[in-house]
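These notes are about the structure you will find just below.
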Amino acid sequence: MIIKSIKKTIRLWCIVAGILTASHFARAADTDSSYSTERPFGVPRSRFNILEPGRTPITEMPTRAVSRHAFIPPRTRRQGFVPRISVMEEYNDNILFDSKTVLKDFVTIISPGFNFLNTSDRGNFELDYSLESAIYPSHSELNDAFEAHNILSSGSFRFSKKTSLSFYENFFSFKDSSRQIIPGLAARSRVNENYFNLGLTHILSPKTKVHANYKQDLNQYDDEDAITSLIHEGSLALSNQFTHQDKASIKYRYRLLNFESRTNTDSDVDSDGNTLSTTPITSNVGQDGMIHLISINNIHEFSESLIATTEVGAAQTTEPHNATDIIGRASIQASTKDTSAELSYERDITTTGGFGTLMKVDTVSANVGASLINKLYGSLSLDFLRLKQVSGEGIDVKILEPTASLEYKISKHFQVRFSYKYLYQEINIDKSTTDSNRVNLGFDASF
């Protein structure tokens with residue numbers, strides 16, 4: 001009897017242990033399963049955007065603006081106020097990005113900053129700031145305690161279940177000639193860039209939304225050979241979820257491009273060369289542009305891990321000339337639990353780089369990100385841009401930038417980054433070709 005009782009007790013404990021173990025592994029599987037979190041439509045399910053949405057991205061966004069700042073340390077996003085510091089050592093074999101004056105150096109970049117994040121049921125607000133100091137051991141004349149500033153504020157507010165407002169404000173001020181593509185600019189002249197975006201979304205029905213948006217892009221240069229530009233853009237879009245797999249939208253945009261005006265003087269002189277009078281003459285150094293853009297967009301989900309996006313439309317330029325160009329974008333995104341990849345092509349009519357004229361911008365981007373082993377992430381990316389003046393046989397610039405990156409998270413507050421970037425640039429204006437190799441090792445700490 002005693003033996004039977006012991007056997008029954010052991011059997012009972014085994015059953016209970018089995019149930020508890022199975023329950024534990026089920027919870028663990030749910031916690032680590034990419035299918036345990038709701039996935040936004042049009043976003044492939046993977047570790048990078050579902051399981052670890054707060055993880056620092058190991059690469060910057062694909063190249064969209066030629067004058068994109070070179071360093072920009074990663075942000076640490078947690079609820080509340082989070083101070084941080086980044087220290088990076090970089091070797092650059094062409095720090096001025098000049099085809100004639102080639103300078104090499106090991107650059108130390110020290111970047112303190114902070115992030116403030118507040119979220120609630122009605123919305124969120126984020127404020128982020130970075131200051132960058134650069135030390136050039138072999139070229140101390142380039143040292144700058146205020147190499148760059150970067151301030152970002154963004155947020156959203158839900159007025160009701162159907163109406164929400166969002167905004168985005170990002171300001172850069174930096175000295176970095178490696179992103180300037182106009183020949184003859186003064187080395188390391190300061191550049192100021194400001195990007196503002198304000199959007200309003202209203203839900204008409206469970207499947208239909210209307211979007212109104214205003215954005216403003218400012219690119220300002222200390223060097224007088226570069227032309228400051230200001231872009232205003234307003235847009236209105238209507239989107240609809242037609243099926244479980246397809247979401248489509250139609251969008252109209254109005255884009256106004258203004259370039260700076262400079263005031264010179266025209267002097268009247270007598271026969272002895274004495275100035276009799278001066279007349280101020282204001283001239284617009286660029287060709288102001290006015291563009292109407294209309295496009296149709298479709299997102300098709302083949303599965304939760306394979307998504308295709310297509311957009312096609314037309315850009316009607318009314319100033320400074322009358323012309324119609326095809327614009328659009330096509331991309332394919334694929335993912336597994338630990339890997340995410342994207343291949344995209346985009347064409348737009350805008351201005352960039354301080355040229356003071358309308359440019360046709362073609363961009364091809366490919367990138368792959370993967371969780372290699374525990375807490376070690378890697379990525380490969382390739383960006384190719386071609387910027388061509390819309391009217392006449394003018395400016396033609398080609399840029400190629402492959403990048404490889406590794407990131408290791410030592411803990412929640414510490415990580416190490418390593419990356420290699422190659423930048424190649426070809427300009428038809430002076431028939432120049434320039435390239436640079438950059439290898440950097442960085443350490444990030446948040447508190």
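In the range 302-313 there is at least one residue matching the filter, namely being over 22 Å from SER229 (Cα atoms), surrounded by fewer than 19 Cβ atoms within 10 Å (Cβ to Cβ), of a type in the set (Gly, Ala, Ser) and out of contact with any strand residue (DSSP E or B) (no Cβ under 9 Å at 6 or more places or on another chain). In the range 345-359, of all residues being crowded, with 17+ Cβ neighbours inside 10 Å and either among the β-branched types (Val, Ile, Thr) or modelled with pLDDT of 90 or more (or both), the one that is farthest from VAL312 (Cα to Cα) corresponds to THR357. The C-beta contact set for the range 200-222 (first residue closer than 29 Å to PHE171 by Cβ, second residue assigned to a loop (DSSP other than H, G, I, E, B) and β-branched (Val, Ile, Thr), distance under 7 angstrom, 6+ apart or interchain) comprises ASN219/THR228; GLN220/THR228; TYR221/THR228. Of all residue pairs spaced 6 or more apart or on separate chains, those with beta-carbon atoms under 7 Å, a first member in the range 425-443 that is hydrophobic (A, V, I, L, M, F, W, C) and a second member that is in a strand (DSSP E or B) and surrounded by fewer than 19 Cβ atoms within 10 Å (Cβ to Cβ) are VAL439/TYR91; VAL439/TYR420; LEU441/GLU89; LEU441/PHE418; PHE443/VAL87; PHE443/VAL416. Candidates in the range 322-344 are the residues that are of a type in the set (A, V, I, L, M) and either more than 19 Å from the chain's Cα centre (by Cα) or over 24 Å from HIS292 (Cα atoms) (or both); of these, the one that is surrounded by the fewest Cβ atoms within 10 Å (Cβ to Cβ) is ILE326. The set of residues in the range 93-131 that are surrounded by 16 or more Cβ atoms within 10 Å (Cβ to Cβ), within 15 Å of ASN440 (Cα to Cα) and not aliphatic (A, V, I, L, M) comprises ASN94, ASP105, SER111. Under the condition of being under 30 Å from GLN389 (Cα atoms) and of a type in the set (Phe, Trp, Tyr), the residues counted in the range 409-445 number 2. Scanning the range 223-254 for residues that are buried (at least 17 other Cβ atoms within 10 Å of the Cβ), hydroxyl-bearing (Ser, Thr, Tyr) and part of a loop (DSSP other than H, G, I, E, B) yields a total of 1. For SER331, the conditions (1) outside any strand (DSSP E or B); (2) at pLDDT 95 or above are fulfilled apart from (1). Looking across the range 386-411, the residues that are of a type in the set (Val, Ile, Thr) and closer than 18 Å to ARG347 by Cβ come down to VAL390, ILE395, VAL397, ILE399. Based on what the data block shows, is LEU376 closer than 26 Å to LYS104 by Cβ and of a type in the set (A, V, I, L, M, F, W, C)? Answer is no for this residue.
Taking the range 277-295 as the range and being farther than 26 Å from LEU230 by Cα and either at pLDDT 95 or above or surrounded by 13 or more Cβ atoms within 10 Å (Cβ to Cβ) (or both) as the test, no residue passes.
Name the single residue that is nearest to SER446 (Cα to Cα) among those in the range 390-400 being surrounded by fewer than 18 Cβ atoms within 10 Å (Cβ to Cβ) and touching a strand residue (DSSP E or B) at 6+ places or on another chain (Cβ under 6 Å).
LEU400
Check LEU257, LEU185 and return the single one that is part of a strand (DSSP E or B) and either at pLDDT 85 or above or within 25 Å of the chain's Cα centre (by Cα) (or both). Step by step, each of LEU257, LEU185 is checked, and only LEU257 is part of a strand (DSSP E or B) and either at pLDDT 85 or above or within 25 Å of the chain's Cα centre (by Cα) (or both). Test ASN264 against the criterion of being surrounded by 12 or more Cβ atoms within 10 Å (Cβ to Cβ) and either modelled with pLDDT under 95 or in a strand (DSSP E or B) (or both), and give yes or no. Here the answer is no, as ASN264 does not meet what is asked. In a residue-by-residue description of the range 199-219, the property of being more than 22 Å from ASP430 (Cβ to Cβ) and in a loop (DSSP other than H, G, I, E, B) applies to at least one position. Condition first: assigned to a strand (DSSP E or B), touching a residue at least 40 places away in the same chain (Cβ under 8 Å) and either under 30 Å from LYS431 (Cβ atoms) or of a type in the set (Asp, Glu) (or both). Now tell me which residues in the range 362-395 satisfy that. THR363, SER365, SER381, ASP383, LEU385, LEU387, listed by residue number.
The values are calculated or read from the model by the stated rules, or taken from the named source; none is laboratory data. Since the model is a prediction, treat every value here as computed from it, not as a measurement. So basically every Cβ, Gly included, is an ideal-geometry build from the backbone, and we count neighbours across all protein chains shown.
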